[in-house]
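The structure under discussion appears below in the form of structure tokens.
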Amino acid sequence: MESDPSLLKTLLTFSERFGQMLSRILLTVLYYGLLGPVALFYQRCADPLHLRKRPSGNWTAWDDHGVGFKAARRQD
Amino acid sequence: MNVLGLSFDYHDSSAALIKDGVLVAAASEERFSRVKHDSSLPKLAVEFAIQKGGITRDELDWVVFYEKPFVKFERMLLTGLATFPRSAGVFRESMQRWVSDKLWVKSHMARKLGVPKKKLLFAEHHMSHAAASFFTSPFADSAILTVDGAGEWTTATMGIGRGNKIELLKEMRFPHSLGLLYSAFTAYCGFEINEGEYKLMGMHPYGTPRYTDKIKQLIEVGEDGSLWHDMRYFSYHFSRNDTLSTAFEEHFGRPRRDPKESDKSLDPYYCDMAASIQAVTEEVLLKMLPHLHEVSGGMKSVCLSGGVALNSVANYKLMRDGPFEEVYIHPAPGDDGGAAGAAYWAYNQICDQPRGPALDHAFLGSEYSDEQIEAFLRENDIPYEHIADDQAFYQFVAKALEEGQVCGWFRGRFEWGPRALGARSIIADPRRAEMKEKLNSTIKFREAFRPFAPSVLEERADEFFEIPNAEKHFPARFMLYVAPVRAEKRDVLPAITHEDGSGRLQTVFKDTNPGYHQMIKAFGDLTGVPVVMNTSFNLKGEPIVESPAHAFNTFSLSGMDLLLLHNFIIRADAKKKIAETRFHLRHEGDSVLQMVS
Amino acid sequence: MRLFNSILAAVVAILLFGGAMEGGLRLLGFGPPKTLNRFDAVTGWSKTPGLRTHRSSREYAVDFSFNDAGLREDQDVQPGSKDPERLRVLILGDSFVLGYSVQRENLFVDILDARWGDEAEAINVGTEGWATDQAVAWLESEGSKWQPDVVLLMPYENDLYWNTQEQYTRYPKPRYSELGERSQGELTDPGAAPLRDRSALARLILPKSSSLPRIESKGHSLLAEHGVLLAGGGPNGDAIRRHTQGCLKALANWAAKTDTKVLVCPIPAHSAVDETYAREVFGPRVLGGMPRDSWDANRPVDLFLELAAAEGLATVDPRQALITSLENGEQPYFSIDWHLNPVGNKVLAGVLHDELARLDWAPEGTHGATTLPAPEKSPLSTPALLYLLLVTVLGTIYCRLYPQEKPLRAYGLVGALLGLVFGLVLGSAALLDILPPDLGRVLSTVVVLALLGFIAWKLGDRVTIIAGVMGAFIRRGHWYLMPLLVILLTVGSLLVVAASSPLVAPFIYTLF
């Protein structure tokens, strides 16, 4: 009986590791398969990181996404 | 109205409770959990805050998180897009964390705190910083500057505070960040990011800023203080573990320092590099302030916040050389302070409540009564002495310091923020040069070049440091200025005078920290020098002690001579390790991923 | 611009959700029926050239592949490809001839073709749903291009009713007068199929369109096409006679004009061959329990034979052969589906072969077997190969990621976990095969809904967070990120469920 909890623990530890591994594989596939094609096009159209130098300063106007409780409740 | 602010999931989780506009409790989770830089949801800190506030969870009106998770998530995805295909590793690791944990922060808060979702609010990261500083300042109106590594997208903001409202005007966005620039050089000099920035700052007086021009080739600094990084030299936007690219090392002609060597010696090259990046940081900040002064319509005061505001060396220069007459910095200007900022933002900005009193001290943590301390000592069979009379006790302590003893000082509520300010401090005689070596090698077990800070009576601070009208300078209360020690006093205070003749002073006020003040006064009366050497009450890698048990354990593991729990005195021969307390180090090596996500 | 992007993001999100629902419903078997046909201006509809598809039910699994000429034939079977040394037999009819529920190697057309070898070829012109008039119209329009020597017409009982109609479901169709004249010229394209016939989601939401016409008889409701089983051919008996006569007259005229031999072989219904089936299954379930003595399944076959003979066409009656097969303990029809199964096809092939040989219209043919061999199967089944591949690949990656784990143990654990999941999936599939198709579909739906419900329950309030993230990205106009976002949220949801349910965790992790 003592071995049962450790067996269960072994199985749970293994399944968690296995899941981590699979999610990494899936995320890699998503990165190259889904994000990649969009990225290749996106990099030509947009520069969200301002990797290309801007002519005048790097301060941007603060974008206020709303005031009040409704905006405060949002996570964006 | 009761508003609880929370910051977690990055590093240094914290909780802060405002009751009707007054910050009644604030603490970092690590103090309770004993996990250094604990980033998990601060359940213990919340429990403490609610208990200290004398309320129940049901009586919380609002619970506020210090940033907008979805916007940060957006930044992770767009950065992945912009840096494809180099960011595969970062994408994989960060998305794993986000989809399994960070995206669900609202649910975590509701479930683990037992609070209904309708009470949950979310502030923007830099708004939390701005609110932490402005709403706790004594200024009715003020300019606001927040600078850190990165929030959601924002790395710095300029704004104006008026009454109970803040209006942010401008921002700088990731990856162009003064905080991340400093962290990049922290890594280059061999220190751990998010941990070693202090060490880099402490190293700079040993070098000469001969590389500032080379550093400025990596970035472009606008006249308005704006920063643009040439990202060819940096890799923190796509790498899991490296902040610097190969081009960075090639640019300077020398590879980054091996972290194993960073603690062992003061390599002149890296000291010069530390001095250079410090100079550049100050230059950038000193360009930001005039621009802020202009856009704020000539405001007289400025509130600083964000992790960069922990650069005490720069802070002093901003105060001295900047266009603002007064400066305020929250005692916890980093992300831990975001908890308080979020709460204040909700209370003032959203709920439109009037401003509460200014925060003129940082003693917002837990405390223990004499009865509790005595009970602990008796239960653990620890021999002790007790001096009932306070004045007699302070004189005893003064004598012990004067005799060269190093004392663990545990008194009152512990400090909010990273600094020890005389509630959980290790104190010693600053007149003895050998104290620095003794503390570094036998008690703190840290790099030899790390300086120690002085605590000085506020009313006599000007006598020893170049800080006229000390009572005006709130940052000095919170040890956020590094000021020059007066030339004639440097030989008097060798243990706290740094290589360049400066000291990161704390001005001690009688009304906010009477016990500490009286003890320093007693020492001053005895020696003529009302200054003590003050370092945080913890060992290397350990969070600052919270309870008598932690204090006793740390005392037992170190070379301290006396432990002073209120007026209870425990001598060195009582040392023993008690099993009750535990601490374990955060893993060595914070990844770049944790820094930017 | 932001507003435009937000709207675009919302549209993408809705399309993704709709796509997911559509895919899910199709996986569960609620997809629209796969159509083999497209509009045809002469016949109303014909098979789509080049189409490849698969249909299955509890009783059969059939692959369809149509050549460029739109026939279920090899690619080289084309109108102009007639070998002068080889007899060409065109076989026309409906789904029985097409082989709706049998693979080609078990279809009577291909059995005949194999048996004749190089001496003659049997060409399958069968089309699902065709009535006699459509077969004749095709022959009039296309038949001579194929230069057939012999034409076999194999009508089924429901032809009789539909020969009287100018429309079948949404398609127009030709119709012949009793004088053998086609009443409609070029037919009009009805346009795209209604949404309900193209989308599983539409089938779920939209109301069902009108079903096949029905008649009342002696208090019982039955399909109009079954009216022919009643005495006198039911309420449409007279029209049935006239129009079917017209079809066969047109066929005879065409045969005379092209000097082609024609053999008419009506295919009997299951009830006409198996009285037990008629009494216990067809009568109660299909005719609504009509008294047994009020209907006769032999009437359609008898009528075809009579009308064909009246037009001077040769006929053959396969009923006895099928009855004999039944008496020999064989089962020539499927139990649920009304078509001939491989056994029945073999019997029919034998009937046709023998009759054509007797008429001296086709060779005896000793080449090939009476049934074609089934394609070879690989020694290892696909699931087994997949399992081995996954264990190898995932086990290797696991060992690399966790080098502290002993390799043997690692491979063993990976194999065990995958084995558990494969066993569950294959076992479920086998169970569904055993169950009746409708019950299987209901069961899978219940299980899927239960799983989704479990996931939703475990997610709890996180569902609003999912909506919040989607809303945030829509507001911020990131339409190009919506597909990635949806997948990430799905993965995240499953990980959350796994974290909260240790028992379910292994399956969720392997589901990836």
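Remarks
- Selection within region B:242-268: residues that are surrounded by 15 or more Cβ atoms within 10 Å (Cβ to Cβ) and out of contact with any Phe, Trp or Tyr (no Cβ under 8 Å at 6 or more places or on another chain). The member of this set that is nearest to the other protein chains (Cβ to nearest Cβ) is B:D263.
- Odd one out for C:L449 among (1) within 14 Å of chain A (Cβ to nearest Cβ); (2) farther than 20 Å from A:L7 by Cα; (3) modelled with pLDDT of 80 or more: (1)
- Residue count for region B:367-379, restricted to those that are touching a residue at least 24 places away in the same chain (Cβ under 8 Å), part of a helix (DSSP H, G or I) and of a type outside the set (F, W, Y): 5.
The rows are residues; the columns are (1) assigned to a strand (DSSP E or B); (2) of a type outside the set (V, I, T); (3) buried (at least 24 other Cβ atoms within 10 Å of the Cβ); (4) away from chain A (no Cβ under 12 Å).
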{"site": "B:A110", "(1), (2), (3), (4)": "no, yes, no, yes"}
{"site": "B:V115", "(1), (2), (3), (4)": "no, no, no, yes"}
{"site": "B:K118", "(1), (2), (3), (4)": "no, yes, no, no"}
{"site": "B:S133", "(1), (2), (3), (4)": "no, yes, yes, yes"}
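- Going through (1) of a type outside the set (S, T, Y); (2) touching a His at 6+ places or on another chain (Cβ under 8 Å); (3) part of a helix (DSSP H, G or I); (4) within 14 Å of chain A (Cβ to nearest Cβ) one by one, B:K214 falls short only on (4).
- Qualifying residue in region A:68-76 (condition: assigned to a helix (DSSP H, G or I), surrounded by fewer than 16 Cβ atoms within 10 Å (Cβ to Cβ), facing another protein chain (nearest Cβ under 7 Å) and modelled with pLDDT under 90): no
- Test set (1) modelled with pLDDT under 85; (2) in contact with a Gly (Cβ under 8 Å, 6 or more places away or on another chain); (3) not charged (D, E, K, R) - C:L179 fails condition number: (1)
- Among residues of region B:83-97, those that are without any contact (Cβ under 8 Å) to a residue 60 or more places away in the chain, in a helix (DSSP H, G or I) and within 28 Å of A:R44 (Cβ to Cβ), counted: 4
- None of B:I215, B:I166 is modelled with pLDDT of 95 or more and within 22 Å of A:H50 (Cα to Cα) except B:I215.
- Residue match in region B:380-394 (condition: at pLDDT 95 or above, crowded, with 22+ Cβ neighbours inside 10 Å and not in a helix (DSSP H, G or I)): no
- Evaluation of C:A114 against (1) in the same structural domain as C:A269 (by TED's automatic domain parsing); (2) in contact with a Phe, Trp or Tyr (Cβ under 9 Å, 6 or more places away or on another chain); (3) of a type in the set (A, V, I, L, M) (one fails), failing number: (2)
- Flag set for A:L11, criterion: facing chain C (nearest Cβ under 9 Å), surrounded by 15 or more Cβ atoms within 10 Å (Cβ to Cβ), out of contact with any helix residue (DSSP H, G or I) (no Cβ under 7 Å at 6 or more places or on another chain) and among the aliphatic types (A, V, I, L, M).
- B:E283 being within 14 Å of chain A (Cβ to nearest Cβ), on the phi < 0 side of the Ramachandran plot, acidic (D, E) and not in a loop (DSSP other than H, G, I, E, B): no
- Per-region count, region A:14-27, residues crowded, with 21+ Cβ neighbours inside 10 Å and more than 7 Å from chain C (Cβ to nearest Cβ): 1
- C:V77 being on the phi < 0 side of the Ramachandran plot, of a type in the set (A, V, I, L, M) and either assigned by TED's automatic domain parsing to the domain that holds C:S144 or not in a loop (DSSP other than H, G, I, E, B) (or both): no
- Cβ-Cβ under 9 Å pairs, at least 6 apart or on other chains, region B:385-414 side within 13 Å of B:G524 (Cα to Cα), far side hydroxyl-bearing (S, T, Y): B:A398/B:T527; B:L401/B:T527; B:E402/B:T527
- Condition broken by C:R72, with the remaining ones in (1) at pLDDT 95 or above; (2) in a strand (DSSP E or B) satisfied: (2)
- Any chance B:E74 is part of a loop (DSSP other than H, G, I, E, B), within 14 Å of chain A (Cβ to nearest Cβ), of a type outside the set (A, V, I, L, M, F, W, C) and crowded, with 22+ Cβ neighbours inside 10 Å: no
- Selection from region A:41-67 of residues that are part of a helix (DSSP H, G or I) and more than 7 Å from chain B (Cβ to nearest Cβ): A:F41, A:R44, A:C45
- Scanning region B:135-163 for residues that are within 11 Å of chain A (Cβ to nearest Cβ) and in a loop (DSSP other than H, G, I, E, B) turns up B:E152, B:W153.
- Test: residue in region C:197-208 that is more than 25 Å from the chain's Cα centre (by Cα) and within 29 Å of C:V286 (Cβ to Cβ): no
- Residue selected from region C:301-328 under the condition aliphatic (A, V, I, L, M) and part of a loop (DSSP other than H, G, I, E, B), by the criterion nearest to the chain's Cα centre (by Cα): C:V316
- From the options B:R256, B:R232, residue that is in contact with a strand residue (DSSP E or B) (Cβ under 7 Å, 6 or more places away or on another chain), not in a strand (DSSP E or B) and not assigned by TED's automatic domain parsing to the domain that holds B:R446: B:R256
- Matching option when the condition is modelled with pLDDT under 95, surrounded by fewer than 24 Cβ atoms within 10 Å (Cβ to Cβ) and not acidic (D, E), among B:K36, B:K52: B:K36
- Cβ separations smaller than 6 Å between residues 6+ apart or across chains give no pair from region B:168-185 residues that are within 11 Å of B:G149 (Cα to Cα) to residues that are of a type in the set (D, E, K, R) and assigned to a strand (DSSP E or B).
- Taken over region C:283-300, the criterion of being in a helix (DSSP H, G or I) and farther than 29 Å from C:H353 by Cβ is satisfied by C:G283, C:P284, C:R285, C:V286, C:R292, C:D293, C:S294.
- Unique residue being within 22 Å of B:T157 (Cβ to Cβ) and aliphatic (A, V, I, L, M) when the list is A:A61, A:A46: A:A61
Yes or no, residue by residue, for (1) surrounded by fewer than 18 Cβ atoms within 10 Å (Cβ to Cβ); (2) outside any helix (DSSP H, G or I); (3) out of contact with any Leu (no Cβ under 9 Å at 6 or more places or on another chain); (4) of a type in the set (V, I, T):
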{"site": "C:M470", "(1), (2), (3), (4)": "no, no, no, no"}
{"site": "C:G477", "(1), (2), (3), (4)": "no, yes, no, no"}
{"site": "C:L481", "(1), (2), (3), (4)": "no, no, no, no"}
{"site": "C:T490", "(1), (2), (3), (4)": "yes, no, yes, yes"}
{"site": "C:L494", "(1), (2), (3), (4)": "no, no, no, no"}
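- For B:N440, the conditions (1) under 25 Å from B:S556 (Cα atoms); (2) surrounded by 22 or more Cβ atoms within 10 Å (Cβ to Cβ); (3) without any contact (Cβ under 8 Å) to a residue 60 or more places away in the chain all hold with the exception of (2).
The values are calculated or read from the model by the stated rules, or taken from the named source; none is laboratory data. Being a predicted model, the structure only gives us computed values, none of them experimental. Every residue, glycine among them, receives a Cβ derived from its backbone with ideal geometry; neighbour counts consider all protein chains shown.
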